[in-house]
Every structure is written in C-alpha cells, then in structure tokens.
C-alpha cells in the first residue's frame, strides 16, 4: 500500500541557473546534490529542479510529450498580513504576481505568483488550518 505523502516534487526547468537563483532569492537554502540537480529541503519534502531535457530522457519521452499540467503549489503563512510581502518577494526575485493578495470567499486570504518559468504558487492564510510550530500544514490545522 502506498503511504499518503509526497516525498519529492521535481520541476523540469529550462534554465536551471535562473530557477535556482529565483528560489534562493526567496530565502531558500540549497542542499548538496549530485550533478545536474538543484534541491531545496522543505518541511517533510524536497523541491528538486532538474533540466527539462534530462527529465524527458529519464522518462523515455520526447520533450514535447512532457506536457504542462494545470497545477499549483501552495505556501501557507501564519498571518493574513504575511501574504502580500511573500508575493512582493517573489516579484523582486524575478517572478510575476498573477493575482494580488485578497480576501477569499471561504474566509481566507491569498494571492498567486508565477516563478520565472511559469510554475504557479498560491500564497495563502487559512484561519481554519493554523500551521504547526515548525510550519507544517495540515488541512484541518494543528492544535
């Protein structure tokens, strides 16, 4: 049986240097890896950056067959006031704010940014799902 978790999120990227610099500019620290991979350890997972062509080769697919899924990555914050500064930091690092910070119909507050290669991140405050002391997110909150 497969355990209910994600260990590694890998983004296939065209410009690994640009993308590594972007996430570093957001304040993330790289970890040592083998050649060709850039990794950032997260709370319980790792975000990996891998050259797009190498990812296609590893999968045994043509580059044009990799596709581009409609997905987002969520980054939850402790306070409503924390959303806008994160969006600003992403923009200052070379990203693009896709949706400015705003209240959401369900009672939260969020906004979206795209990294330099168009991967979409939601930055959200969910008052119904407070983060654990170490920043871990749980849908119904830690308490």
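Residues in region 48-95 that are in contact with a strand residue (DSSP E or B) (Cβ under 7 Å, 6 or more places away or on another chain), in a loop (DSSP other than H, G, I, E, B) and either free of Cβ contacts under 8 Å to residues at least 24 places away in the same chain or surrounded by 14 or more Cβ atoms within 10 Å (Cβ to Cβ) (or both): 66, 77, 95.
Residues of region 103-115 that are free of Cβ contacts under 8 Å to residues at least 40 places away in the same chain and outside any strand (DSSP E or B): 104, 105, 106, 107, 108.
Scanning region 116-128 turns up no residue that is in the same structural domain as residue 5 (by TED's automatic domain parsing) and assigned to a strand (DSSP E or B). Could you check, for region 77-91, whether at least one of its residues is touching a helix residue (DSSP H, G or I) at 6+ places or on another chain (Cβ under 9 Å) and closer than 19 Å to residue 12 by Cβ? The answer is no, given that none of the residues of region 77-91 is touching a helix residue (DSSP H, G or I) at 6+ places or on another chain (Cβ under 9 Å) and closer than 19 Å to residue 12 by Cβ. Restricting attention to region 33-47, which residues are loosely packed, with under 15 Cβ neighbours inside 10 Å and assigned to a strand (DSSP E or B)? Once the filter is applied, which keeps residues that are loosely packed, with under 15 Cβ neighbours inside 10 Å and assigned to a strand (DSSP E or B), region 33-47 yields only 41. One residue stands out among those in region 9-32 that are over 26 Å from residue 85 (Cα atoms) and loosely packed, with under 14 Cβ neighbours inside 10 Å: the one that is nearest to the chain's Cα centre (by Cα), which is 14. Within region 1-47, the set of residues being in contact (Cβ under 8 Å) with a residue 60 or more places away in the chain, closer than 22 Å to residue 77 by Cα and in contact with a helix residue (DSSP H, G or I) (Cβ under 7 Å, 6 or more places away or on another chain) comprises 26 only.
The values are calculated or read from the model by the stated rules, or taken from the named source; none is laboratory data. Predicted model, so just to flag it, every value in this text is computed and none were measured. Reconstructed Cβ throughout: ideal geometry from the backbone, glycine too, with neighbour counts over all protein chains shown.
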